[in-house]
Structure formats: C-alpha cells, structure tokens
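Okay, structure first, notes after.
The values are calculated or read from the model by the stated rules, or taken from the named source; none is laboratory data. A quick note: this is a predicted structure, and the numbers were derived from the prediction, not measured. In this analysis, Cβ positions are derived from the backbone assuming ideal geometry, glycine residues included, and neighbour counts consider all displayed protein chains. Quick note on the areas: whole protein, heavy atoms, side chains included, nothing else; ligands and nucleic acids left out. Shrake-Rupley method; radii C 1.70, N 1.55, O 1.52, S 1.80 Å.
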Amino acid sequence: MKNVKGAICVNCGAEHEANDTTLTCKKCGGILEIVYDYGYIKKQFSRENLAARKDFSMWRYMDLLPVEEGSTIPPLRVGWSPLYKTDRLAEMLGLKTLYIKDDGLNPTSSLKDRASAIAITRAAHAGKDTVACSSTGNAASSLAGGAAAMGLKSFIFVPERAPKAKVTQLLIFGANVISVQGNYEDTFKLSAGAIEKWGWYNRNAAVNPYLSEGKKTVSLEIAEQLDFKVPDYVAISVGDGCTIAGVWKGFKDLFALGFIDRLPKLISVQAEGCCPVNRAIETGSPITWMDENTLADSIAVGAPRNGDKALAAIRESGGITVNVSDDEILGAMTLLGKTCGIFGEPAGVTGTAGLKKAIEKKLVPADAVVVSVVTGNGLKDIVSAQKAAGTPLSVPPDMKELEKAFLSCTL
Ligand SMILES: *Cc1c(COP(=O)(O)O)cnc(C)c1O
Ligand SMILES: [Zn+2]
C-alpha cells in the first residue's frame, strides 16, 4: 500500500507494519491506528479530481483507504448515503442548521457496512475464504452480507439478545450463526477463541485497525456533501467507540490534506444505562466497565474495545458528552420519523436524542451548524420501534364507524 506508512499503537506509540497478521500492538496489546503518507496521497488526490469521480460509493476515497493494490472491490454499494438538510426538525430543536446523514440506507442498513467492506476486501486479498466476528448485530449482518456478495464464508457470533431482524439478516445471507447464551462481552471472548483456533479473518472492531478506516468515509462524505464547509458539531452514538474514532479520523485526514481548514467538535452520545466512554471523559479517569442496560442494543457495550481511540477523538475535538435515557431514545425515533421521514433503530437515533438534550442544556449554541448521523435503520428492531410508535386506529370496514372513530380521537 503506497499510501500507508504503517500502524502506530494508540496506547504506547510503538510503530508497526500495516498487515493482517499484526492487528494489535506487539509490545503492549493496544489497538493500532493506520498512518498515511499524506505527501504521497496529495500528489494524486485533490478536491478537483475528487469532484470528477463518478463512483458514488465509499470507494471514491480509495486514496485514503488501507487497501492493497490490485484488490477486488466487493460488489455491494456501500456509502454515499444522503445528507438531508432538515429545517423542520432544526426548528423544533431550536437550531439554525441541522443535517441528518442517513446511514441506515447502506446495503445491510447500517453504517457498519463501511467497515465490513474494508474487512472483506482485505480478507479476499489475503486469500482467506472465511471471515468472522462477534457483534451486537449490525457488524454481523454487514459482514455476512458483504461476504455473501464476495463469495466468502462467514462465522458470526451474536449475544442471545440480538434483535430477530438482525439475526434473520445473517441467516438470509447464509452465515454460520452462533447465538451465544451470554452478553456481548461473553460473545466477544468466544469469537476471539474460535478465530484463533480456526484461522478465520478477524473482523472484530476491537482488534482490527482497518475498520475505523472504513467508517471514516462517513466524514469524508459529510465534508464533500457540504462542499468542504466543515460543520461545527457532529453528533454520533457510541458503543465500542470505533465509529466515533472513524468519524474523527476522516476529518483529520481531510485536514492533513488541506481539503478543509478546521475540524468539527464531536458530540459523543451514549445511553444512560451503558455509558462507560462518556463517564471516563466526564470523570477524567480510565474506562471502567458497566452493565449493558439499554434497549439500544447496538450500543449496549459495557466493555468498549476501542475506548482509547474514542476518548482521544472526543478530547482532541474539544467535544462534549451526552447520556440519554431509553425514553429519550424512543422519543428521537418518532421525532425523526415525523419531521424527516427517517426511520432509525434505537442506537441509530441516539445521536439525535443526544443533540436534542445538548441543545436544551445549552451545550450547543442555536446558531451552530450540526450534522447528526443516523447509524442504522429502524426496521432492524421492530419491537423497540413499536414501543415508540404505539398502535394504529382500528376500525371495522364501515364508513359510519370510521367517522365515529375519527371523532373520538385526535388525528
Ligand atoms: C455499532 C453501532 C454504533 C456504534 O458504533 P461503535 O463503533 O460500536 O461505537 C452505533 N449505531 C449503530 C446502529 C451501530 O450498529
Ligand atoms: Zn503498544
């Protein structure tokens, strides 16, 4: 990879070669960060030649991705999700300018597709025929779908609480699905053991440094879609921390290349019942584990695996933390639905729930330009959506009854 210099440990700073055998630091076991040769990249990558590219997917940013020369790019179209300017929602929240990036519109309906696309590309190039991961659900479905499209086998470990729709996606994509009778932490450990034993390609966000490189394309897109006018804030939900780290990396890459002249502040949003990353920022102490007590299953991560990268991203950006209740998450679900026609899963709308709260607490000024990323589609978790949405008006097939029903309700 001519564009990649190597990988650096975010914990001890040790430098490593970027390859698929050294995924974590050889010295301390810390997670690695991919380091680019911006001087080399600048020679062939500019705002002008980017504007001329016709590939409207995450691969339009190939110059900034850790992909070996000659790799086969997976067929599913990942990325270039819409960025909507949402004036009605902005007004309701008391904000001048709000954009919603709907990443639920990816092929398997979550932002995780961006990370899995990189993992699948690298696995295929390395000659692996099987990929594996543990996941609260979305990493799993994105890996399984991407692997199916690429002709690879997949072994997926999910905690037993994973919503049915996500597990069904896995089965439809032909994955070997292992439902673990335990929490996400138990699931992660079992998958790590199995991956080691059978030598599968490891797509665990906890250890694979290439995944946040895929996720960073969400920021590359936000910047390009806003014509490189950087928003003041980006609100995003946080579980393992790989996503928020990727969001930050994307903006930092563009800054290093001179595509943008400033960086946004991150709004890190977690659930009150499971907020180990935010708690570490708020108390200034290292991350300690928490119970996984929230209905937002995708961010029910008690022991965040990319915590170091996430903490660095929030701190470097001068960002803020917000924790929201499950009721606030459900409220954001109907709010986005009613005002924007956007349907996100609980973790998908948690960023927006946090933004609402941050505005109420005056942590975000009314004249700020904000992007809130919806990270996963609402159809992935119908049981939660029904809690937020309630039930329809039920009538017999009779006009009089319909009129009567209309009179007795507020439609
Ligand atoms: C995974 C996920 C997140 C959080 O990403 P992390 O990398 O775990 O912090 C947020 N929303 C959805 C829908 C997800 O699937
Ligand atoms: Zn290290």
### Query
Plugging the Kirkwood radius over Cα pairs into Stokes-Einstein for region 246-388, at a temperature of 20 °C and a viscosity of 1.002 mPa s, what D comes out in µm²/s?
136 µm²/s
#### Entry: Distant alpha-carbon pairs in region 107-172 (separation over 18 angstrom), percent
26 percent
### Query
Is region 265-333 best put as rounded, prolate or oblate by its Cα gyration tensor, with a ≥ b ≥ c the root eigenvalues, rounded for a/c under 1.5, and otherwise prolate when a/b is larger than b/c, oblate when not?
oblate
### Task
Return the carbon/sulfur percentage of the accessible area of the chain, one whole number, probe 1.4 Å, all protein chains in place.
53 percent
### Task
In vacuum, with every alpha carbon of region 80-190 counted as one equal point scatterer, what does the Debye formula give for log10 I(q)/I(0) at q = 0.17, 0.23 Å⁻¹? Two decimals, please.
-0.78, -1.14
#### Entry: Helix 307-316 axis, angle to the chain major axis (alpha carbon atoms, nearest 10°)
80 degrees
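Could you work out the helix-only [θ] at 222 nm for the chain, with each DSSP H run of four or more residues adding -39,500 (n - 2.57) and the total divided by the number of residues, to the nearest 500 deg cm²/dmol? Before the final figure, lay out each step's value.
Numbers: 16 runs with 164 residues, N = 411.
Mean residue ellipticity at 222 nm (helix-derived): -12000 deg cm²/dmol.
Quick one: what do you get for region 129-258 if you divide its Cα Rg by 2.2 N^0.38 Å? Intermediate results must be reported in sequence, preceding the final value.
Numbers: Rg = 16.3 Å, N = 130, 2.2 N^0.38 = 14.0 Å.
So the Cα radius of gyration is 1.17 times the expected 2.2 N^0.38 Å.
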### Task
Output the peptides 288-298, 192-202 sorted from most to least packed, where packing is the average of other Cβ atoms within 10 Å over each peptide's residues.
288-298, 192-202
## Note on the structure
At the level of C-alpha centres, the distance separating region 229-275 and region 298-344, in angstrom, is 12 Å
### Message
Debye calculation, C-alpha points only, no solvent: report log10 I(q)/I(0) for the chain at q = 0.06 Å⁻¹, in the same order as the q values.
### Response
-0.23
## Note on the structure
For residue 345, other-chain or 5+-apart residues with amide H closer than 5 Å (H placed, Pro excluded) are 376, 377, 378
#### Entry: Filtered GluC sites (Glu not before Pro), region 36-114: DSSP coil and at most 13 other beta carbons within 10 Å
69
### Task
Give a residue-ordered list of calculated ³J(HN,Hα) values for region 59-75 (Karplus: 6.51 cos²θ - 1.76 cosθ + 1.60, θ = phi - 60°; whole Hz; x for Gly, Pro).
6, 5, 9, 3, 4, 10, 10, x, 10, 5, 4, x, 5, 8, 7, x, x
## Note on the structure
Here the equivalent ellipsoid of region 9-152, derived from its Cα gyration tensor, has semi-axes (largest first, whole Å) of 29, 21, 19
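According to the Kirkwood expression over distinct Cα-Cα pairs, how big is the hydrodynamic radius of region 335-411, in Å? Can you show the working numbers first?
On the way: mean 1/r = 0.0659 Å⁻¹.
After inverting the mean inverse Cα-Cα distance, the result is 15.2 Å.
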### Message
Just to check I understand the Karplus step: with θ = phi - 60° and J = 6.51 cos²θ - 1.76 cosθ + 1.60, what whole-Hz values come out for region 390-399, glycine and proline as x?
### Response
x, 10, x, 6, 9, 9, x, x, 8, 4
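Counting Lys and Arg as +1 and Asp and Glu as -1, each charge on the Cβ, what is the dipole of region 271-411 about the Cα centre in debye, to the nearest 20?
Working: 13 positive and 17 negative charges, 55 e Å.
So the magnitude is around 260 debye.
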### Query
According to a simple spin-label model (label point 7 Å from Cα along Cα-to-Cβ), what is the distance in nm between residue 398 and residue 196?
6.9 nm
